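Enquirer: Have a look at this one before I ask anything.
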Amino acid sequence: MELTPRFPHFLHGGDYNPDQWLDRPDILEKDVELMQKAHVNCVSIAIFAWARLEPEDGVYDFTWLDQVIDRLWKGGIHVILATPSGARPAWMAQKYPEVLRVNSQYQKMHFGERHNHCPSSPAYRRKVREMDTALAKRYAHHPAVILWHLSNEFSGECHCPRCQQAFRDWLKEKYGTLEELNKCWWTGFWSQRYTDWSQVEAPSPLGEVSSCSMSVDWQRFLTDQCKSFIEMERDAVQAVDPSLKVTVNMMERFWGYDYFSMAESVDVVSWDSYPSWHSGDDLARGAEFAMNHDIMRSLKDAPFILMESTPSQVNWKPHNKLKEPGMHLLSSMQAVAHGSQSVMYFQWRKGRGGGEMFHGAVVDHYGESDTRVFADVTEVGESLEKLEPIYHTKPHAEVCIIFDWQNRWAIDYAQTGQKGAMNYFDTVLSHYRGFWEQGITVDFRDMRDCTDLSGYKIVVAPMLFMFRNGFEQKLRRFVENGGTLISTYFTGVVDEHDLAYLGPTPHGLTDVFGFRAAELDALFPTEKNQLVLENGQGTYEITELCEILANCTAEVKGTYQRNFYQGQPCLTVHSFGKGKAWYIAAKVEQQFLLDFYLGIAKDAGVSPTFCETLPTGVVPASRDNVTFLQNFSMKEQRVQLTHTYHDLLHDTTVTGQQVMPVNGLLILQPV
Ligand code: GAL
């Protein structure tokens with residue numbers, strides 16, 4: 001699938017803010033020259049330019065943008081054009097105060113910062129629609145423009161009376177009657193029962209925060225509210241030219257909106273990636289960001305755009321470390337290996353002031369190209385050009401991990417176990433790493449009705465606390481039909497309303513797993529237990545959570561070493577239909593998952609995408625038959641290749657021993 005049909009090539013470039021430099025035509029002129037030098041072919045513009053585009057209510061000024069786009073186009077640079085709704089001008093906040101948010105403490109926000117708009121404000125929606133329409137009429141057919149960048153990193157919530165009413169309307173639509181809402185929110189608890197819709201208010205520290213069912217619904221509502229805003233913007237620009245695709249730039253680990261659902265409202269997924277390299281364990285960081293990339297690819301089961309990354313350092317972390325030599329190419333190409341069709345940066349040029357004047361940029365305040373960062377960026381641009389022949393390739397997965405935003409909210413709102421620290425994301429990551437280190441591609445799926453597991457050999461469902469829409473039936477069929485399912489403690493406990501299932505759990509699957517989950521023990525931070533594998537095959541450390549199983553008919557592969565449940569099952573496998581269902585009842589250390597998934601992959605007939613033996617820390621990731629060998633080990637490594645390959649970056653043929661420096665990278669295709 002081509003993400004940018006008007007320019008179907010790897011994109012290289014980034015956020016460009018010419019609106020901050022309108023009094024410096026010399027600098028704007030130099031930018032194009034430097035972009036060409038850095039092999040930049042695309043920039044994202046006008047993201048925060050509203051105050052320049054509409055200096056007064058209803059008075060538009062597009063002349064500067066005309067010149068910028070024309071000049072870029074003349075220089076061979078394409079444009080991802082943003083709508084400026086991420087930040088509004090001061091005059092607008094003054095004239096239409098309703099555009100500003102009300103926070104969860106019911107305080108009205110003042111003008112300032114970005115992402116500070118009320119998503120239900122009719123005035124804001126009208127102004128955004130008018131601006132988007134004007135931009136589309138002027139630029140949608142410009143040959144330089146290849147994609148819409150709607151707003152910027154949507155996030156947050158508004159508690160104004162209008163948004164509260166919108167929440168109530170959403171609930172009415174969902175539940176029909178107040179009786180049904182009372183039932184699904186279990187409002188018999190603490191006298192929460194509602195007798196009139198007007199009594200319902202969004203969760204707030206000043207009001208209700210302990211109704212999990214309500215809190216999960218609030219997050220669903222916020223997702224839908226954000227989607228309706230995105231769709232309003234999408235429809236405004238596509239009314240002018242339906243062929244020009246839209247994206248929104250998403251964020252790593254973002255908790256607030258359900259990204260699987262949100263991705264339905266856009267044509268293309270893009271995201272902003274800011275790993276903290278060199279903080280002690282680049283292999284772990286590599287796993288984390290590989291997973292982030294794979295989640296993004298999975299949202300639409302399609303390639304994605306890396307919309308932002310830093311060419312050197314950020315400015316908003318406690319320790320804003322530089323990338324060591326090699327890391328810029330390695331981390332950029334990691335995105336490509338996992339399905340990105342671009343490497344884009346925040347930001348092209350450092351501003352002279354403002355909160356991001358010290359954020360890394362391709363062009364420093366120094367202003368010239370003879371810098372380490374500029375050379376690194378140029379290397380990435382040149383490399384992307386060499387990779388053109390693989391533009392249409394993509395990663396293929398036989399393994400799927402279930403990662404579901406609504407399950408994530410439900411776990412985080414659940415008041416049990418390790419309260420507030422159930423670590424769903426990190427748990428999913430530790431399972432993912434079991435495949436990633438082997439070079440096995442993983443897709444992520446959530447529990448929407450459209451999810452189809454039938455193409456996978458292995459499905460992993462870590463901590464699938466909530467079963468939405470009868471998802472247990474999909475897991476059951478998957479195993480029945482010959483699949484290998486791996487699940488863990490804290491699975492199948494509540495339904496989609498976040499109400500506990502009555503009867504044995506994991507709900508609907510006790511015959512598939514061959515036991516029922518009886519009790520969940522939460523360990524103190526200093527406390528440990530051990531998983532002891534049968535036949536002395538190993539012992540692994542357990543922390544955080546231990547589930548005790550009852551009525552076990554499954555084959556016991558490992559037991560607890562300590563506590564009153566010593567000797568009881570901790571790792572089980574059960575044959576069901578033509579498949580197998582594994583269960584890991586406790587939070588077991590990473591090394592166990594690395595070892596465990598080696599065996600599982602072999603058993604299920606899933607092979608790594610690259611068939612050479614590699615040293616630990618050199619991780620392969622593949623798009624079709626092209627493999628990116630990435631040295632995240634923080635050491636020089638010697639790799640022994642037994643086959644012959646074309647080295648795409650150096651255009652040579654390689655075989656035998658290869659020395660990979662720290663942060664080294666090889667991109668290989670068998671010959
Ligand atoms: C992103 C944001 C950019 C810039 C960048 C800095 O989250 O979209 O506008 O602020 O962070 O790293």
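Enquirer: Output wanted: per-residue J couplings in Hz (rounded whole) for the range 575-592, from phi through Karplus 6.51 cos²θ - 1.76 cosθ + 1.60, θ = phi - 60°, x for Gly and Pro.
Expert: Running phi through 6.51 cos²θ - 1.76 cosθ + 1.60 with θ = phi - 60° gives 7, 8, x, 8, x, 9, 10, 9, 9, 10, 7, 9, 7, 9, 4, 3, 4, 4 Hz.
Enquirer: Let me ask something additional. Taking the dipole about the Cα centre of the range 135-204, with the C-beta of Lys and Arg at +1 and of Asp and Glu at -1, give me whichever of 136, 171, 151 is farthest to the positive side.
Expert: Positive-most Cα among the choices belongs to 136.
Enquirer: How about residue 587: which lysines have a C-alpha closer than 22 Å to its C-alpha, ignoring those fewer than 8 places off in the same chain?
Expert: Partners within reach: 419, 528, 557.
Enquirer: Next up: Within the range 154-241, which trypsin sites (Lys or Arg not before Pro) sit in a loop by DSSP and count at most 16 neighbouring Cβ atoms inside 10 Å?
Expert: The qualifying sites are 193.
Enquirer: Can you tell which of 292, 278, 344 lies farthest toward the positive end of the dipole of the range 270-355, using +1 and -1 charges on the Cβ of basic and acidic side chains (Lys, Arg; Asp, Glu)?
Expert: So the residue we want is 344.
Enquirer: Just name one of 65, 76, 529: the one whose Cα is farthest towards the positive end of the charge dipole of the chain (beta-carbon charges, Lys/Arg +1, Asp/Glu -1).
Expert: Going by the Cα projections, it comes out as 529.
Enquirer: Follow-up question, since we're still on this one. Among 95-107, 280-292, how do they line up by average Cβ neighbours within 10 Å per residue, starting with the highest?
Expert: Peptide ranking by packing, descending: 280-292, 95-107.
Enquirer: Using the Cα centre as the reference, give the magnitude of the dipole from point charges on the C-beta atoms of the chain (Lys, Arg: +1; Asp, Glu: -1; all else neutral), rounded to the nearest 20 debye.
Expert: 400 debye
Enquirer: Rounded to the nearest 0.05, what FRET efficiency do residue 130 and residue 553 have when you use their Cβ-Cβ distance and R0 = 56 Å?
Expert: 0.30
Enquirer: Could you look at the chain and say what percent of its accessible area is carbon and sulfur, using a 1.4 Å probe and all protein chains?
Expert: Carbon and sulfur atoms account for 51 percent of the accessible area of the chain.
Enquirer: Let me ask another. Once the Cβ-Cβ distance between residue 113 and residue 534 is put in as r, and R0 is 41 Å, what FRET efficiency do you end up with, to the nearest 0.05?
Expert: It comes to 0.10.
Enquirer: Which order do the peptides 129-140, 373-384 take when ranked by the mean count of other beta-carbon atoms within 10 Å per residue, highest first?
Expert: Put in order of decreasing packing, that is 373-384, 129-140.
Enquirer: Gain in length, residue 449 to residue 142, computed as 0.36 nm per residue apart minus the alpha-carbon separation, to one decimal in nm?
Expert: 106.6 nm
Enquirer: Collect residues whose amide H, placed 1.01 Å from N in the peptide plane, falls under 5 Å from the amide H of residue 44; neighbours closer than 5 in sequence don't count.
Expert: Distant-sequence amide H within range of residue 44: 14, 15, 16, 80.
Enquirer: Right, here's the next one. Using the heavy atoms of the protein chains alone and a 1.4 angstrom probe, what is the accessible area of the range 392-505 per residue in square angstrom?
Expert: With the other protein chains kept in place, the range 392-505 gives 31 Å² per residue.
Enquirer: Moving on. For a quick check: with amide H placed at 1.01 Å from N, whose amide H comes under 5 Å from residue 246's, ignoring anything fewer than 5 positions away on the same chain?
Expert: 148, 267, 268
Enquirer: Another question, then. How many Å² of accessible area per residue for the range 531-671, probe 1.4 Å?
Expert: Here the residues of the range 531-671 average 44 Å² of exposed surface.
Enquirer: Hey, what did the chain get for relative contact order, percent, Cα under 8 Å, at least 6 apart?
Expert: Across the chain, relative contact order equals 10 percent.
Enquirer: Continuing with this model, one more query. Tell me, what is the per residue accessible area of the range 124-239 in Å², probe radius 1.4 Å?
Expert: It amounts to 41 Å² per residue over the range 124-239.
Enquirer: Using 0.36 nm times the number of residues separating residue 481 and residue 235, minus their current alpha carbon distance, what extension gain do you get?
Expert: Result: 84.3 nm gained on full extension.
Enquirer: At 0.36 nm per residue, and after removing the present C-alpha to C-alpha distance, how many nm does the segment from residue 281 to residue 502 gain when stretched out fully?
Expert: 75.2 nm
Enquirer: Another question, if that's okay. Per residue of the range 501-513, what does 6.51 cos²θ - 1.76 cosθ + 1.60 with θ = phi - 60° give for ³J(HN,Hα)? Whole Hz please, x for Gly and Pro, Karplus curve as stated.
Expert: 6, 8, x, x, 10, x, 3, x, 10, 5, 6, 6, 8
Enquirer: Further question on the same structure: Give a residue-ordered list of calculated ³J(HN,Hα) values for the range 15-32 (Karplus: 6.51 cos²θ - 1.76 cosθ + 1.60, θ = phi - 60°; whole Hz; x for Gly, Pro).
Expert: Ordered by residue, 3J(HN,Hα) equals 5, 10, 10, x, 4, 7, 10, 5, 8, 10, x, 5, 5, 4, 5, 5, 4, 5 Hz.
Enquirer: Something else about it: Measure off 7 Å from each Cα along the Cα-to-Cβ vector at residue 322 and residue 418, then give the distance between these two points in nanometres to one decimal.
Expert: Each label point is offset 7 Å from its Cα along the Cβ direction, giving 3.6 nm.
Enquirer: Using label points projected 7 Å from each Cα along Cα→Cβ, tell me how many nm separate residue 162 and residue 469, to one decimal.
Expert: It is 3.1 nm.
Enquirer: Could you pull out every residue, at least 5 positions away or on a different chain, whose amide H is within less than 5 Å of the one on residue 549? Hs are placed 1.01 Å off N in the peptide plane, and Pro or chain starts have none.
Expert: Counting only residues 5 or more places away or on other chains, the set is 518.
Enquirer: If you place +1 on the Cβ of every Lys and Arg and -1 on the Cβ of every Asp and Glu, how big does the dipole about the Cα centre of the range 29-106 come out, in debye to the nearest 20?
Expert: In debye, rounded to 20, the range 29-106 gives about 260.
The values are calculated or read from the model by the stated rules, or taken from the named source; none is laboratory data. Given the structure is predicted, the values throughout are model-derived calculations rather than measurements. Counting neighbours? That spans all protein chains shown, and the Cβs are built from the backbone with ideal geometry, glycine included. Each accessible area value is taken on the protein alone, full model and side chains, heavy atoms only, with ligands, DNA and RNA left out. Shrake-Rupley method; radii C 1.70, N 1.55, O 1.52, S 1.80 Å.
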